[in-house]
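S.K.: Dropping the structure in here first, questions after.
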Amino acid sequence: MRNLFLILCLLLSTPLYSQNDSLQIHELQEVEVSTFRPISNEAFSGTTVLSAPTEVLSQYQNASLSDYLAAGTPLFIKESGYGMLSTLSLRGTAASHTKVNWEGVPINSQTMGQVDFSQLPILFFDEVSIYPGGECAVHGNGAIGGAVSLKGKVLFKDTMSLQIHSTVGSFATLHEAVKCMVSTPRIHSTTALYYRKSDNDFPFYFRKEKQYQQNASFYDYGVMENLAFRISPRQVLSAKLWHTYYDRNIQPMMQNNQNSAKYESISNQSTKLWLDYAHYTPLLWNVRLGWQADDQLYESHKIATDDWFMQTSVEKSWKKKSVVDASLKFGGEVHVIRPEVYAYLDTSVECRSDVYLLSKFTFLNKLDLTCNLRKDFVSDQIVPFSPSFSLSYWFVKKEFTRLSAGMGCSRNVNVPTLNDRYWGMIDNRDLRPEKGANTELNIGFEKMIRKYQLSAQSSLYRNSVTDWILWMPRGNIWKPVNLDHVLAKGFELSIVQKLLMKKSSVSLDVHYAYNHTEVKEGFAEMKPFENRQTPLLPSQTLSTTLYGSVGNFHYTLLGKWVGERNTTDVFEQLDPYFLMNVAADYSFELKKRDRKFLYVIDVGSQVNNLLDVAYYTMPYRAMPMRHFVFFVKLYMNKN
Amino acid sequence: MNRFSFKFLGWAVVASVLFFSCEKTEEGGEELVPQKTVKCLVVNQGNYSDANGGISVLYSDGSLVNQAYQNANGEPLAAIVESAVDCGNTWALMCANEDKIEFLDKNTFKSVAVVKGISTPRYGAVVGNALYVTSSDFYNLSTNGLYKIDLSTYKQTDYYPLEGTPEGVIYYDDCLWVASALYNAETWASYDPYVCRFQLKNDMKKDVYKLEGSTMAARHLAVDKNGTIWASLSAYGMDGQLVQVDTTERKLDNEITLAQLNYPGHIYASSTGDQIYYMTTDGYSAGGAEEITTIKTIDVTSKSITTVVSGNGFYGFGVDGTTGDIYTANVNGFQTNATMYIYTSTGEQKNEGDLVGVGACRFLFPK
């Protein structure tokens, strides 16, 4: 019995490094008036979190999330060309295993299951957080590899700001954007608009011949509105709108660059709109009604979905009342999806819903425990439960020093996408959901010595996925089938340092990730391919971000090394590459006409792929070598 | 130069002599050994999105060289290889994505010439000093047809338009015979299969042989010992057919329905012409990851069917006209390299399975 107790103690002594009470690798910007916002589901997450530094995001307001993630994080983005479809695979899983939530609403494509990160403008978000590690109970169905959370701020205080951005770059690239925030104690509004275009005719070398990229031009625009009205001290009504449109020629493979017969184009319109009502005491009750639609034209083929949805949740927190702090959240959502896709057998309506119960407990301010459960319901499909559990223990939790260790485990599911179920004029509804079992160990250390901050975090994970869906040739078409077993395992290390001085600061973030994903069971004759990394995913990535400021001068240096990658051919590997991007800007503070307003003009430049490296993330999809961006930003802030 | 350097140099010389003639088998990246006799050219179709088609070479001494194109030319083919043809002194590779016909030296596999401008080249037949190639672009039907390439100049010299999606082509009785079908790009479906005959000695006069009522596509052709032309018809989700071309009535008849003739529909006549080889898909393995496939023969006289080989994931096959051996490969869903198997004419397995390129589907035997 005593031994059992000791074992239990040992287990508890390696609990999960919970992000919520730690200083975090990058401290999330807390919403100023947090009581006017329900606790996000992510707050119940037991996995690690990577948060984009706000200083770096502010320099990449003219870029897509794909541009930033590809250059400034250890995450590997598959890009089918510059400005083309860009997807994120977390911890060696597939693109459709990354759940992306904007303000708590899933925005993954209903047809493909993935998200095109080239169409997520950084301008729209104040917070970008990545949660590697599956935890469907928290993030929702599909988060087998992890989740990305995108958020804006709601303030309810007397302030306002206006930002006007103008950017020109190589290959006739133009980006114009406006972001305006107006806030009073009763009303908050953030409006963002952007327009971007590019000829995208960058040079590249193929068979030692210099060519200029053809048929890769694009333009896109978008508008986002985040409106909130404080009806009373206990009630908030808010509305959110997202509308983006892109029209792009599809960048051909290098060998087809000069063959106009192979040129294709695509356009897509995405609209999201919802109303949200929150009532605060005694319980926090939240209900949201919304609609989102995607309308894509691939050549002359239509791929469209309508998604009407409702989300609701009830939550309660008990803080500092006893030796135990606790938060509970119970909720659910219903999506009614109507596809209109040229290659579907029929356009029957599909209903997808779930209920969840999230809980988090803190004992004696030392031990954090999360326990979450979600159950999904899908038309004609039985979906297993998605539980998750985590423990984290703070060995040291002082003001300037923290040391914690933790563990977490979760069972996750990914319901087949609409394409999986209906594509190709066939009925695939017997396809089983993918199921993942994720376990991880984490350790974190943070230290602050006067003006120096150090944060280190390390994770070890194992993600076993059964019934992995893979598209296989079946006669003259490709059809999804379930593979028996795919195993992903790996290691991540992050070290973040920051030095704050009187008029300057400097930060250095270093992230290393090792991943190995292989098919363990699936084909009868996979023996030659055992212990072999899944094609196109690097086993190793290393990213460094150096950023800071000296007075009004700001700089960012992004370095990223991507290791050798396998292809589908065991005799062929894609070479490793190292990319470096540099950004710098100077802020001119204009004379204050009155003390309420601050006017700033920011002039800067980015040099991307500084080392002029020829590389590609997808075979024969050329990427631009060294190119330049120049920008001017005008800020006006009411203090 | 000091003593250590001399010693190192000496070892380097010895090592270079020792390793110069070494070769590895079943691995990529090794030097080709042109003095050996090519027994089988394996065409690896490749994965479309990776454009990693290529060739593997099996020599008569049993050694196998993968990535033969890349080794000989210093860079990958960067295409999908649909088929290959023995043109005498060269091999012609019919490639898509990038659309081209790549001519390789018969022994060294160095690129001799590249012909571009033909959309999605599919299959070819050699007549004298000309190569006739079918072109079958699903998205641009207007350029489909039969193209003639002069093998002296490696230039396209003629074009004979054909409706629909032309596939297999053979040369027989001073005529070129092409399997084709009309095709609806909107519904992704074929209909009205037909075989077209071009009379070489009659200014390429064209005769069309139709099979009324079928919605499958005519894929490939073979000639039996009686001089009868056989055509395979296939379509996804339908039982395939073998039909005979009635040259008198100018139609296709004597239908033999075959359970799930596999989609590419390759057929070959045995060296004696008394058997026609074909492949069927018979279902899926547990879990559905792999197709269960079977290579069968049909006796051209009695029409009796014999199962020769069964296995998983076969996509194409070839029959060695000299030995009667059957070459095929499990393409592993095009997700990674294929595993090649060799069987005797009676179905006995001759090897344990050799790793070749991605999507190995055609097997050619030098004339």
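S.K.: Picking from A:LYS375, A:LYS360, which residue would you name as being over 22 Å from the mean Cα position of the chain (by Cα), touching a residue at least 60 places away in the same chain (Cβ under 8 Å) and either within 14 Å of another protein chain (Cβ to nearest Cβ) or in a strand (DSSP E or B) (or both)?
M.R.: A:LYS360
S.K.: Which condition does A:ASN419 not pass, out of (1) more than 14 Å from every other protein chain (Cβ to nearest Cβ); (2) closer than 28 Å to A:ALA304 by Cβ; (3) in contact with a strand residue (DSSP E or B) (Cβ under 7 Å, 6 or more places away or on another chain), if it passes all the others?
M.R.: (3)
S.K.: Would segment A:241-249 turn up any residue that is touching a helix residue (DSSP H, G or I) at 6+ places or on another chain (Cβ under 7 Å) and either of a type in the set (D, E, K, R) or modelled with pLDDT of 95 or more (or both)?
M.R.: So far as segment A:241-249 goes, yes, one or more of its residues are touching a helix residue (DSSP H, G or I) at 6+ places or on another chain (Cβ under 7 Å) and either of a type in the set (D, E, K, R) or modelled with pLDDT of 95 or more (or both).
S.K.: Here are A:HIS554, A:HIS511: which of them is under 19 Å from A:THR73 (Cα atoms), in contact (Cβ under 8 Å) with a residue 60 or more places away in the chain and not hydroxyl-bearing (Ser, Thr, Tyr)?
M.R.: That would be A:HIS511, the only listed residue that is under 19 Å from A:THR73 (Cα atoms), in contact (Cβ under 8 Å) with a residue 60 or more places away in the chain and not hydroxyl-bearing (Ser, Thr, Tyr).
S.K.: So, in segment B:291-338, exactly how many residues are of a type in the set (Asp, Glu) and either under 16 Å from B:GLY265 (Cα atoms) or in contact with a helix residue (DSSP H, G or I) (Cβ under 7 Å, 6 or more places away or on another chain) (or both)?
M.R.: In the first step, residues of segment B:291-338 are kept if they are of a type in the set (Asp, Glu); the result is B:291, B:299, B:320, B:325.
In the following step, the residues that additionally are either under 16 Å from B:GLY265 (Cα atoms) or in contact with a helix residue (DSSP H, G or I) (Cβ under 7 Å, 6 or more places away or on another chain) (or both) were identified as B:291.
Residues in segment B:291-338 being of a type in the set (Asp, Glu) and either under 16 Å from B:GLY265 (Cα atoms) or in contact with a helix residue (DSSP H, G or I) (Cβ under 7 Å, 6 or more places away or on another chain) (or both): 1 in total.
Conditions tested, residue by residue: (1) in a loop (DSSP other than H, G, I, E, B); (2) away from every other protein chain (no Cβ under 14 Å); (3) without any contact (Cβ under 8 Å) to a residue 40 or more places away in the chain; (4) out of contact with any helix residue (DSSP H, G or I) (no Cβ under 8 Å at 6 or more places or on another chain).
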| position | (1), (2), (3), (4) |
| --- | --- |
| B:ASN71 | no, no, no, yes |
| B:LEU77 | yes, no, yes, no |
| B:ALA84 | no, yes, no, yes |
| B:ALA113 | no, yes, no, yes |
| B:GLY117 | yes, no, yes, yes |
| B:THR134 | no, yes, no, yes |
| B:PHE138 | yes, no, no, yes |
| B:LEU146 | no, yes, no, yes |
| B:ILE149 | no, yes, no, yes |
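S.K.: May I pose another question? Please state which one of B:TYR183, B:TYR172 is hydroxyl-bearing (Ser, Thr, Tyr), closer than 22 Å to B:GLN241 by Cβ and crowded, with 17+ Cβ neighbours inside 10 Å.
M.R.: B:TYR183
S.K.: Any idea which residue in segment A:526-541 is modelled with the lowest pLDDT, counting only those that are crowded, with 17+ Cβ neighbours inside 10 Å and facing another protein chain (nearest Cβ under 8 Å)?
M.R.: Residue satisfying both the conditions and the ranking: A:MET526.
S.K.: Of all residues in segment B:308-330, which are away from every other protein chain (no Cβ under 13 Å), hydroxyl-bearing (Ser, Thr, Tyr), more than 16 Å from the chain's Cα centre (by Cα) and part of a strand (DSSP E or B)?
M.R.: none
S.K.: Considering (1) away from chain A (no Cβ under 11 Å); (2) surrounded by 20 or more Cβ atoms within 10 Å (Cβ to Cβ); (3) part of a loop (DSSP other than H, G, I, E, B); (4) not hydroxyl-bearing (Ser, Thr, Tyr), say which one B:GLY88 fails and leave the rest.
M.R.: Against the list (1) away from chain A (no Cβ under 11 Å); (2) surrounded by 20 or more Cβ atoms within 10 Å (Cβ to Cβ); (3) part of a loop (DSSP other than H, G, I, E, B); (4) not hydroxyl-bearing (Ser, Thr, Tyr), B:GLY88 comes up short only on (2).
S.K.: Can you say whether A:ALA228 is within 30 Å of A:SER317 (Cα to Cα), part of a strand (DSSP E or B) and at pLDDT below 95, as far as the supplied structure shows? First the steps, then the outcome.
M.R.: Working: within 30 Å of A:SER317 (Cα to Cα): yes; part of a strand (DSSP E or B): yes; at pLDDT below 95: no.
So A:ALA228 fails the test.
S.K.: Of all the residues that make up segment B:261-292, how many are at pLDDT below 80 and within 12 Å of B:GLY240 (Cα to Cα)?
M.R.: Total satisfying the criteria: 1.
S.K.: Answer with yes or no whether B:GLY333 is crowded, with 21+ Cβ neighbours inside 10 Å, closer than 23 Å to B:THR228 by Cβ and either within 14 Å of another protein chain (Cβ to nearest Cβ) or in contact (Cβ under 8 Å) with a residue 60 or more places away in the chain (or both). First the steps, then the outcome.
M.R.: Details: crowded, with 21+ Cβ neighbours inside 10 Å: yes; closer than 23 Å to B:THR228 by Cβ: no; either within 14 Å of another protein chain (Cβ to nearest Cβ) or in contact (Cβ under 8 Å) with a residue 60 or more places away in the chain (or both): yes.
Spelling it out, it is not the case that B:GLY333 is crowded, with 21+ Cβ neighbours inside 10 Å, closer than 23 Å to B:THR228 by Cβ and either within 14 Å of another protein chain (Cβ to nearest Cβ) or in contact (Cβ under 8 Å) with a residue 60 or more places away in the chain (or both).
S.K.: Limited to segment A:560-583, what total is found for residues that are of a type in the set (Gly, Ala, Ser) and at pLDDT 95 or above?
M.R.: Selection size over segment A:560-583: 1.
S.K.: For segment B:336-367, name all the residues that are part of a loop (DSSP other than H, G, I, E, B) and more than 14 Å from chain A (Cβ to nearest Cβ).
M.R.: Of everything in segment B:336-367, those that are part of a loop (DSSP other than H, G, I, E, B) and more than 14 Å from chain A (Cβ to nearest Cβ) turn out to be B:THR344, B:SER345, B:THR346, B:GLY347, B:GLU348, B:LYS350, B:PHE365, B:PRO366, B:LYS367.
S.K.: So, one more: Pairs only if they're at least six apart or on different chains, beta carbon under 7 angstrom, first in segment A:460-484 and surrounded by fewer than 18 Cβ atoms within 10 Å (Cβ to Cβ), second charged (D, E, K, R); list them, first residue then second.
M.R.: Once the first residue is surrounded by fewer than 18 Cβ atoms within 10 Å (Cβ to Cβ) and sits in segment A:460-484, its partners that are charged (D, E, K, R) give A:LEU460/A:GLU440; A:ARG462/A:LYS489; A:TRP471/A:LYS479; A:ASP484/A:GLU521.
S.K.: Okay, next question. Can we say A:TYR635 is buried (at least 16 other Cβ atoms within 10 Å of the Cβ), hydroxyl-bearing (Ser, Thr, Tyr) and in contact with a Ser or Thr (Cβ under 8 Å, 6 or more places away or on another chain)?
M.R.: Taking the combined requirement at face value, the residue satisfies it.
S.K.: Separate question: Checking B:GLY46 against (1) within 12 Å of another protein chain (Cβ to nearest Cβ); (2) surrounded by fewer than 24 Cβ atoms within 10 Å (Cβ to Cβ); (3) under 30 Å from B:ALA218 (Cβ atoms): exactly one of these is not met. Which one?
M.R.: (2)
S.K.: Go through segment A:563-578 and count every residue that is assigned to a strand (DSSP E or B) and either within 14 Å of chain B (Cβ to nearest Cβ) or buried (at least 20 other Cβ atoms within 10 Å of the Cβ) (or both).
M.R.: So the count comes out to 5.
The values are calculated or read from the model by the stated rules, or taken from the named source; none is laboratory data. It should be emphasised that the depicted structure is a prediction, and the values quoted were computed from it without experimental measurement. Cβ atoms come from the backbone with ideal geometry, glycine included; neighbour counts cover every protein chain shown.
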